[in-house]
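The structure under discussion appears below in the form of structure tokens.
The values are calculated or read from the model by the stated rules, or taken from the named source; none is laboratory data. Since the structure is predicted, the reported quantities are computational estimates derived from the model, not experimental observations. Don't worry about glycine lacking a Cβ; one is built from the backbone with ideal geometry, like all the others, and counts go over all protein chains shown.
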Amino acid sequence: MRLCLTCGYVDEHRDCPVVSAPRTPEEKVQRVQRALVEIDRTLFAIKMSKDPPDRTTLMTLLAAEGQLQRFPSKDLTDFGQKRAYNLVETALRDRRREVEDALGESGSGLSESFAFARRAIELAFRIAGARLDATELDASQLSRLALYPVGVARNRGVGIATICSEIEAKLDETRDLDARVRDWGSRNLPALLTSKEPVELPEKHQSGGFRMLGAIVGRGPASRRAAAVTQFKLLGDQFRERLYLLAANPILLRRASNVSQAEEAWRKHTSGAGAALWERIRKSETDVLAFFLGPIADLAARFDDAIAELARKPRGTARHALRPFEALDAEDWDVMGRAYFLIYDAIEGGGSSDAVVWEPVVRAIVELDPAGHVDEIARRKVHGDVRSRWLKNRGHQ
Ligand SMILES: [Zn+2]
């Protein structure tokens, strides 16, 4: 199997947790040298083989050439290393041409099919992975909201689009909450988000000026204050649910958009001249697919299913999920609320380039990995980022 089930690339790794990219110049040199040793070994084995070269021999050489292209000689530092590189490169090219000549008709067009199939496998794997990420997300927590439950999210297997359209409806329904929360002023926001009593009572909620609550207790009727506090707490409950819906929305939409992007890339690859080539590979060059994927029964006929099974393997049965509403702590709510109003301000102020970005904030707070954990490092980071941005823009805690 030459396809990495973790990062989804064939004969290489990109942003792969399994094989990290070289960071230092020394690591780059080592990487190239390891590749050279390996290619040298491959060339030697082919040379010593008693069997005549076949299509697999040619594909092995093509794969080695691809390897060399990815590990350029410019990563090497001294002349001796570069010379060794050039020798291997030349030996490899000569051997590949020899094998091509020896294969004649049976090898013709193989290098084209080889490169095409390699990319096709990566793209098909990307679609399968994106579809699994989309269908396997456990969004059922949305249906458990007390005030604005998203009923369709209760059932497994409901499409993301269906869930998102119900979220949108709830967001429309709760849109006026934004203005009501703003009426209470930004000094009250932390209290509102954490179910505490308001720290001050804005004009709108009392007769007379903008006074501290303590003063109101002393002078005004206690009932007016009590009513305002009750209203404040209910508004907090409603607004937290609105924030939760606002948080879930991009988490779901991102998954839907990953699926369409992957499908679009596949369409591009297999349209035009690609259509005929892909047809040819599936009909008469299944050995190319098997070269990358290993022996899989009926691979050409059930290519999509086979790829879907491969995509499922590293995921197992564990699913990403939305963090339960009740699991979010006071700090999480505080940070999401502040982030929301910072973005709100930025939009009203004509948009600022260094404004807080909503999606990474909510992903760090509301998304659970398959082990059921939030990414604590990311969560701490967005907490810090949002708070410092708030201090900078609003000038108070
Ligand atoms: Zn990988």
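Conditions: (1) within 16 Å of the ligand (Cβ to nearest atom); (2) closer than 22 Å to F291 by Cβ; (3) of a type in the set (A, V, I, L, M). M59 meets all but one. Number of the miss? Unmet condition: (1).
Selection of the stretch 1-44 for residues being crowded, with 16+ Cβ neighbours inside 10 Å, without any contact (Cβ under 8 Å) to a residue 24 or more places away in the chain and away from the ligand (no atom under 16 Å from the Cβ) yields only T42. In the set (1) under 37 Å from the mean Cα position of the chain (by Cα); (2) free of Cβ contacts under 8 Å to residues at least 24 places away in the same chain; (3) away from the ligand (no atom under 16 Å from the Cβ), F79 fails one condition alone, (1).
Residues that are touching a helix residue (DSSP H, G or I) at 6+ places or on another chain (Cβ under 7 Å) and loosely packed, with under 15 Cβ neighbours inside 10 Å within the stretch 66-81 comprise just one, T77. Note on the stretch 263-355: enclosed helices (runs of 4 or more DSSP H) holding 3 or more residues that are over 26 Å from the mean Cα position of the chain (by Cα) are 273-284, 286-293, 330-348.
Right, L68: away from the ligand (no atom under 16 Å from the Cβ), part of a helix (DSSP H, G or I) and modelled with pLDDT of 95 or more or not? The answer is no for L68. M48 fulfils the conditions (1) surrounded by 12 or more Cβ atoms within 10 Å (Cβ to Cβ); (2) under 20 Å from R95 (Cα atoms); (3) more than 16 Å from the ligand (Cβ to nearest atom) except for a single criterion, (1). Among the residues of the stretch 1-54, those identified as basic (K, R) and assigned to a loop (DSSP other than H, G, I, E, B) are R2, R14, R23, K50.
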